[in-house]
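One structure is given below, encoded as structure tokens.
The values are calculated or read from the model by the stated rules, or taken from the named source; none is laboratory data. Fair warning: this is a prediction, and the values are worked out from it, not measured in the lab. Counting neighbours? That spans all protein chains shown, and the Cβs are built from the backbone with ideal geometry, glycine included. Please note that ligands, DNA and RNA were not included when accessible areas were found on the heavy atoms of the full protein model with its side chains. Shrake-Rupley method; radii C 1.70, N 1.55, O 1.52, S 1.80 Å.
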Amino acid sequence: MAIRLGDEVPNFTADTTEGRIDFHQWKAGKWAILFSHPRDFTPVCTTELGAVAKLKPEFEKRNTRVIGLSVDPLEAHERWVQDIKDVTGQTVNFPMIGDPDKAVANAYDMIHPNASDTATVRSVFIIGPDNKLKLTLTYPASTGRNFFEILRVVDSLQLTSKHQVATPADWKSGEDVIIVPAVSDEDAQKRFPGYVAKKPYLRVTPQPQG
Ligand code: BEZ
């Protein structure tokens, strides 16, 4: 069954390129990105894994761990790492789950049989420190993902989990944000003095700090 926003994500134990993990223990208290790619030794996936390795320091700054998955065995992941380094210059610096029996892929509904019976789609799950699902994305095998967008969403999720704000279209960290409708005008004036009401329901304020 599909996992929906707000659900606690299934726990699992799995063999990864960094050893056997219990997923909930591995991410304990942190944000996590679990992302799948269709197969090892495929061109788009090779570029994606290099892109994520390059962004690892950005995920770390955000108290966020990343972990990849495909239905290929660990032994294939281990051989593929050298190709990723050759092509992208990046050393894969996060665990990759080998899931040949598709236990994790099925638990997270990453196989979409009308796309492929055997390969995982390009899923992304952003999971909060509370183990609840905060975002899911599904891309087809033919389209590589934009991992800056995933970072941008983490920024938005982390901000909106602390402050009663939402982020507008194409927002980037540091830009103005929207005061959520649940905050009365009176409270908004106290919390966000000088906010601008573009419409009664669209009140804009500088991004809160901290
Ligand atoms: C790729 O990663 O390049 C890829 C994987 C499966 C199907 C098509 C492309």
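How big is the stretch 3-52 by the Kirkwood estimate over distinct Cα pairs, in Å? List each step's numbers first, then the result.
Working: mean 1/r = 0.0765 Å⁻¹.
It is 13.1 Å.
Heavy-atom surface analysis with a 1.4 Å probe gives the chain a carbon and sulfur content of 52 percent of its accessible area.
Take the Cα pairs of the stretch 1-98, get the Kirkwood Rh, then feed it into Stokes-Einstein at 4 °C and 1.567 mPa s and tell me D in µm²/s.
Details: Rh = 14.0 Å.
Diffusion coefficient, whole number: 92 µm²/s.
For the chain, a Gaussian network of Cα nodes joined below 10 Å ranks Tyr139, Tyr195, Tyr108 by mean-square fluctuation, and the top entry is Tyr195. Shown is the FRET efficiency for Phe148 and Asp86, computed with R0 = 25 Å from the Cβ-Cβ distance and rounded to the nearest 0.05: 0.60.
Dividing the radius of gyration of the alpha carbons in the chain by their Kirkwood radius gives 1.04 for Rg/Rh. If the limit is 24 Å between Cα atoms, which of Lys61/Lys102; Lys132/Lys199; Lys56/Lys85; Lys56/Lys102; Lys172/Lys199 go over it? Table pairs above 24 Å Cα-Cα are Lys61/Lys102; Lys132/Lys199; Lys56/Lys102.
Apply the a/c threshold of 1.5 to the C-alpha gyration tensor of the stretch 71-192 and tell me whether it is rounded, prolate or oblate. Verdict is prolate for the stretch 71-192.
For a 31 Å ceiling on Cα separation, which of these pairs sit above it: Lys54/Lys162; Lys27/Lys190; Lys54/Lys134? Provide the component values of the computation, followed by the final result.
On the way: Lys54/Lys162 28 Å; Lys27/Lys190 37 Å; Lys54/Lys134 23 Å.
Flagged as over cut-off: Lys27/Lys190.
For Asp7 and Arg20, the difference between the fully extended length at 0.36 nm per residue and the C-alpha to C-alpha distance is 2.2 nm.
Take the Cα of Ala182, step 7 Å toward its Cβ, do the same at His112, and the gap between the two points is 3.1 nm.
Taking 7 Å steps out from each Cα toward its Cβ at Gln164 and Gln189 produces label points 1.5 nm apart.
Each residue was assigned an accessible area with a 1.4 Å probe, and for His77 the value is about 0 Å².
Normalised by 2.2 N^0.38 Å, with N the number of residues, the alpha-carbon radius of gyration of the stretch 60-99 equals 1.26.
Of the DSSP beta bridges with both residues in the chain, give the percent that are antiparallel, rounding to the nearest 5.
Working: 23 of 32 bridges.
Percentage antiparallel, nearest 5: 70.
What does the charge count around Met1 come to, taking other residues whose C-beta lies under 12 Å from its C-beta (Lys +1, Arg +1, Asp -1, Glu -1)?
Details: positive: Arg4; negative: Asp7, Asp109.
Neighbourhood net charge equals -1.
The accessible-area ordering, largest first, of the residues Leu55, Leu5 stands as Leu5, Leu55, per a 1.4 angstrom probe.
Quick check of the Kirkwood formula: for the stretch 136-210, what is the inverse mean of 1/r over all pairs of different Cα atoms, in Å?
Hydrodynamic radius (Kirkwood, Cα pairs) of the stretch 136-210 is 13.7 Å.
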